[in-house]
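This report refers to the structure that appears directly beneath it.
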Amino acid sequence: MLPVNLDKWNPGTSTTRKYQEGASFDLTFRDLSYTTGKGKNAKQILHQISGSFKSGHLTAILGPSGAGKTSLMNILAGLKKGGIEGRVDVNGAKRKFKTFRKQSAYVTQQDFLLKNLTVDEYMTAAAHLKLGKKVSDKEKKSTIEQILKTLGLTNTQQTRVKRLSGGECKRLSIGLELIDNPAILFLDEPTSGLDSSSSLQCVSLLRDIARSGRTVVATIHQPNSRILDLFDHLYIVAGGSCMYQGPVDSLVPYLQTMGLDCPNHHNPTDFAIDVASGEYGDVVSRLVSGIENGSRIYQENESASSASPALSHDTGFYEEDECDTMLDGSSKKKDKKAKKTGKGLMYGAPFHYQVAILLGRTWKTIWREKILTTMRFTLHICIAFLMGMLYWQIGDEADDIFNNAGMIFFITLEREVLVREHLNQWYSLKAYYLAKTLADIPFQIVFPTVYLIPIYFMSNQPMSIESFSMLLGIMISMALVGQGVGLFFGAAFDIPVASYFAPISCIPFLIVSGFILKFNSIPPYLSWLTHLSFLHYGFEGSMLSLYWAERPPLSCSQAYCHFRYPIKFLEQFDLTNKSYYLALVGMLVSFVVIRVAAYFALRFKLRHIG
Ligand SMILES: Nc1ncnc2c1ncn2[C@@H]1O[C@H](COP(=O)(O)OP(=O)(O)OP(=O)(O)O)[C@@H](O)[C@H]1O
């Protein structure tokens with residue numbers, strides 16, 4: 001068993017903390033309907049269900065697969081917003097998205113964690129992001145120690161996440177969200193993938209968190225009777241309606257009142273789920289009306305009580321703002337207003353602090369991906385030497401000018417972690433994106449450099465610092481733009497789709513780059529494509545780094561070499577009037593455009609999650 005003692009747990013009294021001791025946060029929903037799709041494709045998932053989840057209670061949402069448990073919890077947590085009718089209240093007053101999301105935390109079913117950080121590093125980064133600078137390092141450290149002790153993770157403090165067991169990962173996911181002391185905790189299938197003893201530990205922990213005054217709601221799949229006994233409140237969903245709401249030990253009596261006897265030695269929830277799945281005939285509608293679709297709470301030996309909301313307390317949930325500011329871009333004005341009025345900002349830490357913490361964290365994870373980083377490095381060097389041997393000393397050969405041009409031209413997420421952390425308000429998307437972009441830049445400079453040096457000298461390109469630097473400049477910008485293209489597709493699509501579309505979508509740009517098809521052979525109605533092609537700027541820039549009109553004649557080992565004079569080559573590829581610096585500007589514009597597009601793709605994706 002875990003050494004859990006959350007009764008006295010109170011990680012500080014700082015103003016950044018969400019849960020104030022003694023406050024209660026009763027969650028009530030009424031006539032909640034949820035429909036996905038439109039017109040012919042519309043599908044109603046939840047049918048005017050109601051319910052009440054009290055603070056200090058551990059609530060389980062149960063039901064057969066596809067019943068609507070996750071949909072209900074996502075709506076209650078504020079992750080789903082479209083297609084919803086009905087009302088969600090906190091302490092009897094209408095829930096406001098912005099404040100509600102600040103006060104609650106959501107632990108996803110899968111533990112999307114950065115595998116290369118240690119438990120302590122992860123917790124510390126989360127504490128810096130969530131608590132900001134207002135809380136001293138000492139206080140953060142003691143909060144972390146207290147949480148780790150509570151979760152039984154003290155001995156794993158210096159262990160990397162990838163070496164933790166499934167149960168420890170789950171406890172870490174919960175611990176990360178406990179740092180800023182949420183008032184309401186939602187968990188999607190917290191026991192999935194855990195063995196029975198880890199599941200028991202995990203649910204015991206949740207019960208203790210609830211006992212400390214918080215509202216804890218978890219969807220759960222077929223809990224065994226020991227786990228079931230730890231829950232205070234059951235909410236059973238069947239076909240998008242509520243078929244039972246009340247204490248665990250009143251479930252069997254309620255089913256009896258409806259003429260359904262749970263067989264001896266049969267787990268009551270298994271029985272209830274069989275009933276909900278229709279295995280005992282068409283009784284679900286009777287059960288739904290018996291509990292008034294969640295408007296009532298059944299209690300054995302008492303008549304069912306109303307699930308009406310508790311009286312409203314002042315919990316800070318009722319600010320004036322109506323709009324949901326889940327994504328940072330939409331709330332600039334409101335943040336300014338919040339600053340003026342002294343109300344809390346969206347995130348625990350200021351923007352520059354978020355970027356610094358995320359940058360440090362990203363660097364650490366990249367650095368620790370030793371095998372991947374070494375492989376990337378070695379691969380660049382090996383391929384560079386291979387290319388150097390293949391194109392040995394051709395740089396100054398007039399007869400080999402096409403081979404040389406071809407060689408030079410061609411050398412040139414975590415998304416789930418972001419979703420989990422961003423939706424739990426750890427940091428803004430802009431801060432994440434900026435940190436990710438900055439963390440990548442050194443790699444995009446180092447790799448092209450180690451790649452170019454052997455090839456450049458082995459293939460005998462012009463021995464001039466200017467030419468080398470110009471070519472390197474183009475290669476680095478190609479690497480940065482290429483990375484941006486990958487980021488864009490990775491942000492917009494799932495990985496298999498992205499890895500298919502990213503290379504395919506580059507083909508038209510490659511064709512109009514100028515190497516495969518000469519510029520004046522491109523039909524006029526398609527010539528605009530060349531201006532959008534970063535490969536076109538790459539081709540121009542790399543060729544102009546090596547060949548310029550005044551370059552001395554190349555060596556010629558044949559009787560006649562047409563391209564002995566580099567100007568002939570420039571004429572052949574319509575490069576005589578082109579400027580290297582314009583090509584570089586074209587690359588920089590492409591870099592900015594693709595990175596901005598990737599940012600908006602990511603933002604769009606995050607808005608439509610859930
Ligand atoms: N965006 C959507 N479009 C179409 N159908 C959807 C959408 N989201 C959910 N559904 C459907 O709604 C129903 C309820 O889904 P939900 O994920 O809430 O069920 P669940 O009870 O959590 O199931 P499970 O236990 O299998 O996770 C399912 O039939 C699912 O296919």
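If a residue must be open to solvent by 10 Å² or more (accessible area, probe 1.4 Å) and either near the ligand (Cβ under 8 Å from one of its atoms) or within 26 Å of Asp274 (Cβ to Cβ) (or both), how many such residues does region 70-79 contain?
Here the count works out to 3.
Just need a number here: residues in region 90-143 that are of a type in the set (Gly, Ala, Ser) and farther than 30 Å from Arg30 by Cα.
Matching residues across region 90-143 total 6.
Among Gly82, Gly66, which is part of a loop (DSSP other than H, G, I, E, B), within 15 Å of the ligand (Cβ to nearest atom), within 26 Å of Gly278 (Cβ to Cβ) and open to solvent by 20 Å² or more (accessible area, probe 1.4 Å)?
Of Gly82, Gly66, the one residue that is part of a loop (DSSP other than H, G, I, E, B), within 15 Å of the ligand (Cβ to nearest atom), within 26 Å of Gly278 (Cβ to Cβ) and open to solvent by 20 Å² or more (accessible area, probe 1.4 Å) is Gly66.
With respect to Met123, is the statement that it is more than 9 Å from the ligand (Cβ to nearest atom) and under 25 Å from the mean Cα position of the chain (by Cα) true?
Considered against the rule, which asks whether it is more than 9 Å from the ligand (Cβ to nearest atom) and under 25 Å from the mean Cα position of the chain (by Cα), Met123 comes out as yes.
With the structure loaded, tell me whether Phe569 is open to solvent by less than 60 Å² (accessible area, probe 1.4 Å) and either at pLDDT 85 or above or under 22 Å from Val485 (Cβ atoms) (or both) or whether it fails that test.
no
Pick from region 26-51 the residues that are polar (S, T, N, Q) and touching a Phe, Trp or Tyr at 6+ places or on another chain (Cβ under 8 Å): which of them is nearest to the ligand (Cβ to nearest atom)?
If we take residues in region 26-51 being polar (S, T, N, Q) and touching a Phe, Trp or Tyr at 6+ places or on another chain (Cβ under 8 Å), then Gln44 is nearest to the ligand (Cβ to nearest atom).
Looking at this structure, is Ile465 open to solvent by 40 Å² or more (accessible area, probe 1.4 Å), modelled with pLDDT of 80 or more and under 23 Å from Gln444 (Cβ atoms)?
Answer is yes for this residue.
In the set Val203, Val161, Val216, Val237, which member is within 24 Å of Gln110 (Cβ to Cβ) and within 16 Å of the ligand (Cβ to nearest atom)?
Selected residue: Val237, the only one of Val203, Val161, Val216, Val237 that is within 24 Å of Gln110 (Cβ to Cβ) and within 16 Å of the ligand (Cβ to nearest atom).
Name the residue, out of Asn41, Asn91, that is surrounded by fewer than 21 Cβ atoms within 10 Å (Cβ to Cβ) and either outside the structural domain of Ala431 (by TED's automatic domain parsing) or on the phi > 0 side of the Ramachandran plot (or both).
Residue meeting the stated conditions: Asn41.
The values are calculated or read from the model by the stated rules, or taken from the named source; none is laboratory data. Since we're looking at a predicted model, the values are computed, not measured. FYI the Cβ positions are ideal-geometry reconstructions off the backbone, even for glycines, and counts take in every protein chain you see. Side chains are part of the model used for accessible areas, which takes the heavy atoms of the whole protein and leaves out ligands, DNA and RNA. Shrake-Rupley method; radii C 1.70, N 1.55, O 1.52, S 1.80 Å.
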